[in-house]
Amino acid sequence: MRTQNGCVFNLPLKTLPVFRYFSFWFSFCFLTTSVLSAQTTIKGKIIDGESNEGIPFVNVLLLGTTQGTTSDIDGNYSLTATVPADSIAAFYLGYFRVVKAVRKSPFQEINFVMRHQTRSIQEVVILPGENPAHRILRKVIAYKDTNNREKLSSYEYEVYNKIEFDLKDLPKEMQKWKILRPVKVAFDHMDSTVANEKPQLPIMISEAVSDYYYRSNPVVKKEIIKANKIAGLEQKSISQFMGDMYLDVNLYQNNILVFGKSFVSPISDNGLLYYRYYLIDSTNLNGHKCFQIQFFPRRKQELLFAGNMWIADSSWAVKRLQMKIVEDANINFINQLSVNQEYEVVDGHWMLVRDHLFTDMYIPAQKTGIYGRKTATYSHIKVDKPQESDFYRRTDNLQVSDDLNKSDAYWRKARPDSLSRNEQGIYQLMDTIQKLPVYKTWYDVIMMLAKGYKPMGNFEFGPYYNVFSSNKIEGDRIRIGGRTSDKFSKWYELNGYCAYGLLDQKFKYRIGYRMFLTKKPRQLVGISYKSDYELLGQSQNAFTQDNIFASLLQRSPIKNMTNVQQLETWYEREWFTGFNTKVFLVNRTMTPISDFLYQYTTRDAIVITKDYIKTTELRFVGRLAWNEKYIDGTFSHTPTGTKYPILQVMYTKGFKNAFQSDYSYQKLAINVTDRIRIPPIGYVDYLIQAGKVFGPVPYPLLELHGGNETYVYDPYAFNMMNYYEFVSDQYLTLQAQHHFDGFFLNHIPLMRKLKWREVVSGKCLIGSVSETNRELMNFPSTLSSLNQGPYYEAGAGIENILHFFRVDALWRLSYLDHPNIAKFGFRGTFQLVF
């Protein structure tokens, strides 16, 4: 036999079959072994030993080889070995390295549990030349506008959002509590991925599919939520938050708003002032050469991140991001917040394709807490292919489909990844729990505390904080009231109350009705009638006079009240999200009570007393809050804020002789409020308001400036001013509060652990009363104008005391000769902020 290289073997003819037999099996075994070695596939997941959360972008390496990979955004990894190895390692900065044995098998699953390693990184000085990470960072900053998707003329995508909440660290003894026996079924479903770790109890899971549209000129964001599946919470109260508009972390912004706090982005234009950067490695990710850069805060307790980002060469865009807030950041109720993102090139532009957020929240004074997970996957991305102009109209930029419930087949197709076994069990678990009587009881209690009303079938009793109060005129006051519930109707509502004063022995009451004309757009009408006492000129933010907290915390007895009989009808419309108007027609009769009288002096020095003042007014209120977000209930429409200034205009026209009205006049008031964030030194809240009254009217129809005679701090009132102390027919109000968020105290070692936060405030009021209005009705002895100059007060305080309290020291700086005033005082308030 001649081989290909010319060698000749002479073998007996009879030996050929035997030779071929052994050659075949030898070759088969050899090739099989080689194939098995080359095709050994290892898969698994890498999780955090404390949170049980997947860790993204962890380096995985077959020891003794050059073969490795990194975990994906969920912590999963897959590696095909082409050379033999007996061990595999996972290593990542901030964690102890973990090594595990590799079996001789064509396929195996190896999971890693990694635990945190606390270590300090010393400052590295690179001489000579510049830190190479800084050169890369400057390129990233220079190309931010090119790579920021919000700088595109338009884009759109379909987004799948999945959100899950779990109770964590539930002690075993809690499961034995008698009160929890009815929900024992829940503890049977608790998940503990890590051995010897306290289990997690899933309490909510939500999935949503929506279409999101963005246009940059002018900026319009629109989202249509097409499907929503929720287990554990009421669907309509949170459906709008399951979309993408409310859950957006854009790395390319200089400051990233998280839980109401402004964190400096690691690629901020001023990033070098806040972070240290280190070039760790270069690697190839999906065909893109990338530089891995690690970043850490320069100083302690500032609102910053730590983590890694992978920067694509030549385009200088972020390809991958893994970061979390630093452990000592001055933020409440949050142990950990991590953000993991992946970007891909779509039509020549870098677009976010996967986003994962994880939060570890704690409950003060409790051993338990809550894990929150949000995963978003973006598909069907279109860049610079805008819709027709009419599509972007601002009448409804967040739409929730009327048909949110979809079939299981729809969800199997819509999900980019199938649900885990634990996630699948949550839906069935919550359905079981919600049918238990104890769950319904707990739910009703929580809703009562949040809304102030106790559900009772078709009726809701409340508000509970107005049931009992006390003042000098009425004595102890008992009030019973309520409103119809959603079970009665979701289109209209009846509401009202009846109150009785034990001292004056008089009944007071109110009855009202409101209904939707349309829900898209939001249009309502209403009518009400009341006969009750009011404290004129009270701040809109203050407790009402019949609130139990106002009674308990008042500095002096309430005595300057007015009996008001009022018939009111109104129409409200939301023209687009963030802009709404409301028109009122009001007939009002005001009668003084107690020591106050409506008197005026004639030219002959004769004092004449009026029994009452009657007015008929047409009022208009317009409010513009650009891109403001809301929490919608059936009738409630609660704003959650906007990054733009909020403008409000109020106009009133009084008609003399209309329904026996006494005066003809006009009022105009304009105010602007805003929050200006100034990282890292906190933020400033300011209010500017100007107003004027046109036409001669008595003092009850002028602007009675809002004082405060309680020990509760009111951010919109003048806290060192008494009720009925100042009045104006033209005025200008300037108010500002600077919240330093611990900027100074964080640098004091003994104060750092307390996480107290500094706040300073200043308020100024300029006003006057014309001689005509001054002479039209005699002022009470306590009331005066501001004709002698502006009113000033200032304050300095500490907030975040025990996470919930704020205390201010306040100084009154003008009109110090007025009787019964305090020149200095303390005010406190309860506040829940991150």
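The values are calculated or read from the model by the stated rules, or taken from the named source; none is laboratory data. Remember, predicted model here, so these are calculated numbers, not experimental data. No Cβ is skipped: glycine too gets one built from the backbone with ideal geometry, and neighbour counts run over all protein chains shown. Calculation scope for accessible area: heavy atoms of the full protein, side chains included, ligands and nucleic acids excluded. Shrake-Rupley method; radii C 1.70, N 1.55, O 1.52, S 1.80 Å.
Only helical DSSP H runs with n ≥ 4 go in: add -39500 (n - 2.57) per run for the chain, normalise by residue count and round the 222 nm mean residue ellipticity to 500 deg cm²/dmol.
Mean residue ellipticity at 222 nm (helix-derived): -3500 deg cm²/dmol.
Kindly write out, for the stretch 559-566 in residue order, the coupling ³J(HN,Hα) from the Karplus curve 6.51 cos²θ - 1.76 cosθ + 1.60 (θ = phi - 60°), rounded to whole Hz, with x marking Gly and Pro.
Each residue's phi maps through the Karplus curve to give 9, 8, 10, 10, 7, 10, 10, 9 Hz.
Using only Cα atoms and rounding to the nearest 10 degrees, what angle (0 to 90) does helix 421-434 make with the longest principal axis of the chain?
Relative to the chain, helix 421-434 is tipped by roughly 30 degrees.
Name the long-range amide H neighbours of Tyr95: under 5 Å, sequence gap of 5 or more, or other chain; modelled H, no Pro or chain starts.
It is Gln117, by chain and number.
Take Thr359, Thr602 and sort them by solvent-accessible surface of the protein heavy atoms, 1.4 Å probe, largest at the top. Present the calculation step by step, with values, prior to reporting the outcome.
Values: Thr359 15, Thr602 40 Å².
These residues rank, largest area first, as Thr602, Thr359.
Whats the longest run of the chain with zero GluC sites (Glu not before Pro) that are DSSP loop and have at most 13 other Cβ atoms within 10 Å?
Values: sites that count: Glu123, Glu130, Glu234, Glu327, Glu388.
After excluding every exposed loop site, the longest remaining stretch is 389-834.
Expressed as a whole percentage, what fraction of the accessible surface of the stretch 470-546 belongs to carbon and sulfur atoms when a 1.4 Å probe is rolled over the protein heavy atoms?
On the way: 2330 of 3990 Å².
The C+S portion of the solvent-accessible surface of the stretch 470-546 is 58 percent.
Roughly what angle does helix 437-451 make with the longest principal axis of the chain, taking Cα atoms, 0 to 90 degrees, to the nearest 10?
50 degrees
Can you tell me, using C-alpha contacts under 8 Å and at least 6 residues apart, the relative contact order of the chain as a whole percent?
It rounds to 7 percent for the chain.
Leaving ligands, DNA and RNA out of it, work out the accessible area of Val353 with a 1.4 Å probe and give it in Å² to the nearest 10.
Answer for Val353: close to 30 Å² accessible.
Rounded to whole Å and sorted largest first, what semi-axes of the equivalent ellipsoid does the C-alpha gyration tensor of the chain yield via the square root of 5 times each eigenvalue?
Working through the eigenvalues yields semi-axes of 65, 30, 26 Å.
Check each of the chymotrypsin sites (Phe, Trp or Tyr not before Pro) in the stretch 272-363 and keep only those in coil by DSSP with at most 10 other C-beta atoms within 10 angstrom; list them in order.
none
Among Phe659, Phe57, Ile331, whose Cα projects farthest towards the positive end of the dipole of the chain, with charges put on the beta-carbon of Lys, Arg (+1) and Asp, Glu (-1)?
The one lying farthest along the dipole's positive direction is Phe57.
Give the separation of the Cα centroids, the stretch 673-693 to the stretch 350-382, in Å.
Spelled out, the Cα-based centre of one part sits 31 Å from the other.
Please work out how much length the chain gains when fully extended from Ser814 to Arg415, using 0.36 nm per residue of separation minus the C-alpha to C-alpha distance, in nm with one decimal.
Gain in length upon complete extension: 137.2 nm.
Probe radius 1.4 Å, ligands and nucleic acids ignored: give me the carbon and sulfur share of the accessible area of the stretch 348-460 as a rounded percent.
So the carbon and sulfur contribution to the accessible surface is 53 percent.
Going by amide H atoms built from the backbone, whose H comes under 5 Å of the H on Phe805, apart from near neighbours?
Counting only residues 5 or more places away or on other chains, the set is Asn800, Gln831.
When the Karplus curve 6.51 cos²θ - 1.76 cosθ + 1.60 is applied with θ = phi - 60°, which whole-Hz ³J(HN,Hα) does each residue of the stretch 468-479 get, with x for Gly and Pro?
Karplus-based 3J(HN,Hα) across the stretch 468-479 equals 9, 7, 8, 8, 5, 7, 8, x, 6, 10, 10, 10 Hz.
So how exposed is Ser485, as accessible area in Å² (1.4 Å probe, rounded to 10)?
The accessible area comes out at roughly 10 Å².
What do you reckon, how do Ile446, Ile670 stack up by accessible area (1.4 Å probe), largest on top?
Ranking Ile446, Ile670 by accessible area, largest first, yields Ile446, Ile670.
Mind checking the dipole of the chain: about its Cα centre, +1 per Lys or Arg Cβ, -1 per Asp or Glu Cβ, Debye to the nearest 20?
Magnitude of the dipole: close to 1560 debye.
Just to confirm the filter: which chymotrypsin sites (Phe, Trp or Tyr not before Pro) across the stretch 684-788 are DSSP coil and have at most 15 other Cβ within 10 angstrom of their Cβ? Write out the running numbers ahead of the final one.
Values: sites: Tyr686, Phe694, Tyr711, Tyr713, Tyr716, Phe718, Tyr723, Tyr724, Phe726, Tyr731, Phe740, Phe743, Phe744, Trp756; in loops: Tyr711, Tyr713, Tyr716, Phe718, Tyr723, Tyr724, Phe740, Phe743, Phe744, Trp756.
Here the chymotrypsin sites (Phe, Trp or Tyr not before Pro) that fit, given the DSSP loop and packing criteria, are Tyr711, Phe744.
In terms of Cα to Cα distance under 20 Å, which lysines are near enough to Lys506, apart from those fewer than 8 places away along the same chain?
Candidates past the 8-residue exclusion: Lys472, Lys530, Lys559.
Please sort by residue number the trypsin sites (Lys or Arg not before Pro) in the stretch 571-611 whose DSSP state is loop and whose Cβ has at most 16 other Cβ atoms within 10 Å. Could you put the intermediate results ahead of the total?
On the way: sites: Arg573, Lys582, Arg588, Arg603, Lys610; in loops: Arg603.
Here the trypsin sites (Lys or Arg not before Pro) that fit, given the DSSP loop and packing criteria, are Arg603.
Find the accessible area per residue for the chain; the probe is 1.4 Å, ligands and nucleic acids are left out, and the unit is Å².
Per residue, the chain has an accessible area of 50 Å².
Give the carbon-plus-sulfur fraction of the accessible surface of the stretch 606-696 in %, rounded to a whole number; probe 1.4 Å, heavy atoms of protein chains only. Spell out each step's value before the answer.
Details: 2970 of 4730 Å².
Of the solvent-accessible surface of the stretch 606-696, carbon and sulfur hold 63 percent.
With every protein chain left in place, what is the accessible area of Val159 in Å² (1.4 Å probe, nearest 10)?
Counting only protein heavy atoms, Val159 exposes about 0 Å² to solvent.
Hey, what's the Cα Rg ratio for the stretch 572-667 versus the globular rule of thumb, 2.2 N^0.38 Å?
Relative to the rule-of-thumb radius for its length, the stretch 572-667 sits at 1.58.
Quick one: Karplus J couplings for the stretch 301-314, per residue in order, coefficients 6.51, -1.76, 1.60, θ = phi - 60°, nearest Hz, x for Gly and Pro?
Here the 3J(HN,Hα) series is 6, 8, 7, 9, 10, 9, x, 9, 9, 10, 9, 6, 5, 6 Hz.
With everything on Cα atoms, drop me the angle between helix 15-38 and the longest principal axis of the chain, reported from 0 to 90° to the nearest 10.
20 degrees
Go through Lys435/Lys582; Lys440/Lys520; Lys144/Lys643 and tell me which ones have a Cα-Cα distance over 30 Å in this structure.
With Cα atoms farther than 30 Å apart: Lys435/Lys582; Lys440/Lys520.
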